[in-house]
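The structure appears right after this line, and notes come after that.
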Amino acid sequence: MKKVLFIGRSGSGKTTLCQYLHHQKLAYHKTQAVQFYDHAVDTPGEYLENRGLYRALITTAADCDVIALLCDATAPESLLPPNFGQVFNKPIIGIVTKSVLADEKAIEKAKDSLWASGADKIFVVDTLARQGLAPLEEALAIESR
Ligand SMILES: Nc1nc2c(ncn2[C@@H]2O[C@H](COP(=O)(O)OP(=O)(O)OP(=O)(O)O)[C@@H](O)[C@H]2O)c(=O)[nH]1
Ligand SMILES: [Mg+2]
């Protein structure tokens, strides 16, 4: 099973997805510091929102197999810089979240942002509505329920 580093702006759904993938109850709590799961590392959105904290993401990525860049389809922008994924030198997946709350145009915009950031593959999910998650679980080789 792969270890995934989750990166995305605050509220993009990183913690919710980590909880889902680890069969935990989905409960909101603001991530204040890097959180380690069996198969994931969850980061605070502020690590992406403040350039000065990129280094912390790069260091944290060292022990991970895959980088997951999240883009909230309902957010005005992803805050993921173009080619952001390159600094990690690891496989990059893009995950569009909150797809049920967004229209097709917003989902396409989110995907474009993820491709531009360096995603090799993109998944469109809604974790609360339990949509689009099976292909992601398969890709991460986490047992599907
Ligand atoms: N409808 C919908 N809501 C979601 C989804 N993912 C997360 N949410 C909601 O969005 C809010 C923020 O989700 P979090 O998982 O805490 O976001 P985060 O990326 O961990 O945010 P930070 O810890 O601040 O960086 C919560 O109220 C979640 O229930 C989704 O796919 N669909
Ligand atoms: Mg969080």
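Rank-order 39-45, 52-58 by packing density, defined as the average count of other C-beta atoms within 10 Å over each peptide's residues, highest first.
39-45, 52-58
May I ask you to order 13-20, 120-127, 84-91 by the average number of other C-beta atoms within 10 Å around their residues, highest value first? Show your work: numbers first, answer last.
Details: 13-20: 23.1, 120-127: 19.8, 84-91: 16.4.
The densest-packed peptide leads the list: 13-20, 120-127, 84-91.
Rounded to the nearest 5, what is the percent of antiparallel bridges among the DSSP beta bridges in the chain? Before the final figure, lay out each step's value.
On the way: 3 of 20 bridges.
Around 15 percent of the beta bridges assigned by DSSP in the chain are antiparallel ones.
Over the residues of region 1-72, compute the C-alpha Rg and express it relative to 2.2 N^0.38 Å.
In units of the globular-protein estimate, region 1-72 measures up at 1.00.
From Cα pairs below 8 angstrom and at least 6 apart in sequence, can you work out the relative contact order of the chain, rounded to a whole percent?
The normalised contact order for the chain reaches 24 percent.
Output the DSSP H helices from the chain with an along-axis C-alpha extent of no less than 18 Å and a mean Kyte-Doolittle hydropathy no less than -1.0.
Flagged H segments are 104-117.
Could you give log10 I(q)/I(0) at q = 0.14, 0.15 Å⁻¹ for region 45-121, computed by the Debye formula over C-alpha point scatterers of equal weight, without solvent?
Log10 of I(q)/I(0), two decimals: -0.43, -0.49.
Given 37 °C and 0.692 mPa s, how large is the Stokes-Einstein diffusion coefficient of region 3-145 in µm²/s, with Rh as the Kirkwood radius over Cα pairs?
Rounded to a whole number, D works out at 223 µm²/s.
Taking the beta-carbon count within 10 Å as an exposure proxy, list 130, 51 from fewest neighbours to most.
Result, fewest neighbours first: 51, 130.
Say the cut-off is 25 Å between C-alpha atoms; which of 3/105; 25/98; 25/90; 25/109; 25/121; 3/25 go over it? Intermediate values should be presented prior to the final figure.
Details: 3/105 31 Å; 25/98 18 Å; 25/90 30 Å; 25/109 30 Å; 25/121 27 Å; 3/25 20 Å.
From the list (3/105; 25/98; 25/90; 25/109; 25/121; 3/25), the Cα-Cα distance tops 25 Å for 3/105; 25/90; 25/109; 25/121.
Mind pulling the per residue volume of the convex hull built on the Cα atoms of region 92-144? Å³ is fine.
Working: hull volume 3.3 nm³, N = 53.
Enclosed volume per residue, from the Cα hull, is 63 Å³.
If you take every residue apart from residue 65 with its C-beta less than 12 Å away from the C-beta of residue 65, what net charge results, scoring Lys and Arg +1 and Asp and Glu -1?
Local charge sum for residue 65: +2.
What are the residues whose amide H is under 5 Å from the amide H of residue 123, where those residues sit 5 or more places off or on another chain and H is modelled from the backbone?
Residues meeting the criterion, in which the H sits 1.01 Å from N, are 94, 95, 96.
None of the figures in this text is laboratory data; all of them are computed from the coordinates on show. Since this is a predicted model, take the numbers as computed values, not measurements. As a convention, Cβ positions derive from the backbone with ideal geometry for all residues, glycine included, and neighbour counts pool all protein chains shown.
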